[in-house]
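Written below as structure tokens is the structure these notes are about.
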Amino acid sequence: MEFPEGLRYTEEHEWVRVEDDVAIVGITDFAQSELGELVYVEVDTVGDTLEKNEVFGTVEAVKTTSDLFMPVSGEVLEFNPALDENEGDDPTLANNEPYGGGWIIKIKMSDPSEVESLMDAAAYGALVG
């Protein structure tokens, strides 16, 4: 299982990559393997400002649906169009490329220091180990 260095991780199995004041968020390789093949990703919070740990969307697999939680506070800027049923509609990208093309949202962070409270790759690996 892969946990890239340079990303930050949550206990709810989201990852965060920071680019300036924008956080790109997806689910981890561990999360996608536990869920199985994703059939639907829903994010209806684009344009909303949410607090850390609030639900921003859901992922649906064949046998289960799981909430997605904000790893940091901020405004949801974008939902990955490749995952959106109204556009690219390929939720399996989150399975096949969890740290690349399978990203889920972009957030304009309201408090970038919140990233420091998230786990690094080694800590996340120990959590799911």
- Query: Let a ≥ b ≥ c be the square roots of the eigenvalues of the Cα gyration tensor of segment 1-52; is it rounded (a/c under 1.5), or, if not, prolate (a/b larger than b/c) or oblate?
  - Reply: oblate
- Note on the structure: GNM of the chain, Cα pairs under 10 angstrom: of Lys108, Lys63, Lys52, the biggest fluctuation goes to Lys63
- Message: At R0 = 25 Å, how high is the FRET efficiency between Glu75 and Glu11 if r is their beta carbon distance? Nearest 0.05 is fine.
- Response: 0.60
- Task: Can you quote the Å³ per residue value for the convex hull of the Cα atoms in segment 66-129, rounded to an integer?
- Result: 111 Å³
- Note on the structure: Stokes-Einstein, Kirkwood over Cα pairs, segment 8-111, 4 °C, 1.567 mPa s; D in µm²/s equals 98 µm²/s
- Task: Go ahead and estimate [θ] at 222 nm for the chain from helices alone: -39,500 (n - 2.57) per DSSP H run with n ≥ 4, summed, over the residue count, rounded to 500.
- Result: -3500 deg cm²/dmol
- Least to most buried among Tyr9, Tyr99 (fewest other Cβ within 10 Å first): Tyr99, Tyr9
- How far apart, in nm, are the 7 Å Cα→Cβ label points at Val62 and Asp89? 2.0 nm
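Laboratory data are not the source of any read-out in this text; all were calculated from the coordinates shown. All figures in this text were calculated on a predicted structure; none of them were measured in a lab. Cβ sites come from the backbone with ideal geometry, for glycine too, and all protein chains shown count toward neighbours.
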